[in-house]
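Remarks on the structure that follows.
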Amino acid sequence: MNNLITQFGNHLSRLRIVSFYCAAVLVMIALTGIFSKGLNLGLDFTGGYLTEFSTEQSLTQTQIQGLLTSYLPESFQLSSADNGTHWTIRQADNDLSLTGKTWLADFAQQSGLNISPQDAIYIGSQVGEELINQGGLALLSAMFAILLYLSLRFEWRLAMGAVIALFHDVIIVLGLFAWFGISFDLTILASILAIIGYSLNDSIIVGDKIRELMKTNNQHNVDTVINLAIKSTLVRTMITSGTTLATIMAIWFFAGDSLSGFAVALFAGILVGTFSSIAISATVPQLLGLTADYYQQQEESVCQLP
């Protein structure tokens with residue numbers, strides 16, 4: 001039995017170290033994309049005009065895109081929330097030569113489509129700046145609350161592993177949006193906050209198991225304890241991640257273009273969050289010199305209480 005544990009531990013230890021360096025490379029690639037290409041901020045942040053209309057006949061996005069391209073003089077973003085009868089057009093703040101419900105009548109006459117205007121909203125750039133500030137404040141507040149919670153719950157090395165894993169997950173998702181130029185709007189910001197919570201949950205599960213084993217098991221070194229903690233929590237983590245990913249895939253395929261970015265962010269965040277709970281949150285404490293002495297002293301002090 002001890003030989004099996006040793007063999008499993010050796011393989012897992014090598015896998016964790018290799019995964020840690022892979023995670024570091026991914027972070028560098030993501031940061032390169034963020035600083036070189038930047039995020040493609042949506043109308044929620046940059047300001048602009050949002051126009052919604054419906055068509056009597058069902059059309060593909062390619063068909064309606066082609067008709068609008070020959071009519072609208074500047075670039076725009078087109079999305080559909082259903083089977084091709086309800087459409088949303090987003091135009092930049094400096095691209096308002098043809099906006100609102102007024103131009104739809106001319107477009108309907110020119111294209112021959114039976115169009116029903118639904119809504120037209122203008123989002124000013126000042127509102128966009130306020131949203132950026134509020135969104136950044138929300139992220140900083142969440143980070144501060146998490147740091148405070150981890151500092152009270154764990155010894156600093158385990159807390160540092162969870163924090164680094166959290167930053168890894170957020171940076172990878174932001175890098176994905178930067179490299180592929182996916183529009184970054186309020187729904188994506190909401191998904192980032194959800195990813196922070198999910199990443200923290202995975203890290204805490206592994207960290208709690210490591211702490212528990214260190215309090216009760218003094219027969220194995222730290223490397224073996226960490227490997228045993230990962231082995232005992234791996235099935236639970238995979239089941240949780242799998243069921244969550246299945247739900248997100250349903251949103252991705254059936255909720256339409258309006259929520260596709262939200263689904264992409266959550267899907268990527270859960271994948272990298274599961275990966276980082278093993279590659280980072282469980283590996284960084286070991287690299288920082290985690291020992292069982294601190295937790296065994298805690299356990300002894302508890303046992304000595306009257």
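Observations, loosely collected:
- Filtered by the rule that a residue be modelled with pLDDT under 85 and outside any helix (DSSP H, G or I), segment 184-210 gives a lone residue, Asp185.
- The residues of segment 21-39 that are crowded, with 17+ Cβ neighbours inside 10 Å and at pLDDT below 90 amount to a single one, Leu39.
- Filter result for Met214 (without any contact (Cβ under 8 Å) to a residue 60 or more places away in the chain, of a type in the set (A, V, I, L, M) and out of contact with any Ser or Thr (no Cβ under 7 Å at 6 or more places or on another chain)): no
- Within segment 166-201, the set of residues being in contact with a Lys or Arg (Cβ under 6 Å, 6 or more places away or on another chain) and at positive phi is empty.
- Segment 20-60, residues that are closer than 24 Å to Phe107 by Cα and without any contact (Cβ under 8 Å) to a residue 60 or more places away in the chain: Gln57, Ser58, Leu59, Thr60
- Meets criteria (buried (at least 18 other Cβ atoms within 10 Å of the Cβ), under 10 Å from the mean Cα position of the chain (by Cα) and either under 30 Å from Glu130 (Cα atoms) or touching a residue at least 40 places away in the same chain (Cβ under 8 Å) (or both)) for Ser203: no
- Taking (1) modelled with pLDDT under 80; (2) buried (at least 16 other Cβ atoms within 10 Å of the Cβ); (3) of a type in the set (A, V, I, L, M) in turn, Leu96 satisfies each apart from (2).
- For segment 230-251, the condition holds for at least one residue, the condition being that it is touching a Leu at 6+ places or on another chain (Cβ under 8 Å), assigned to a helix (DSSP H, G or I), over 25 Å from Ser19 (Cβ atoms) and modelled with pLDDT of 80 or more.
- Some residue of segment 106-125 being within 30 Å of Leu174 (Cβ to Cβ), part of a loop (DSSP other than H, G, I, E, B) and modelled with pLDDT under 70: yes
- Taking segment 152-192 as the range and being surrounded by fewer than 17 Cβ atoms within 10 Å (Cβ to Cβ), in contact with a helix residue (DSSP H, G or I) (Cβ under 6 Å, 6 or more places away or on another chain) and either closer than 19 Å to Val272 by Cα or among the polar types (S, T, N, Q) (or both) as the test, only Trp179 passes.
The values are calculated or read from the model by the stated rules, or taken from the named source; none is laboratory data. Remember, it's a predicted structure, so these values are computed and weren't measured experimentally. Cβ coordinates were reconstructed from backbone atoms using ideal geometry, including for glycine residues, and neighbour counts include every protein chain displayed.
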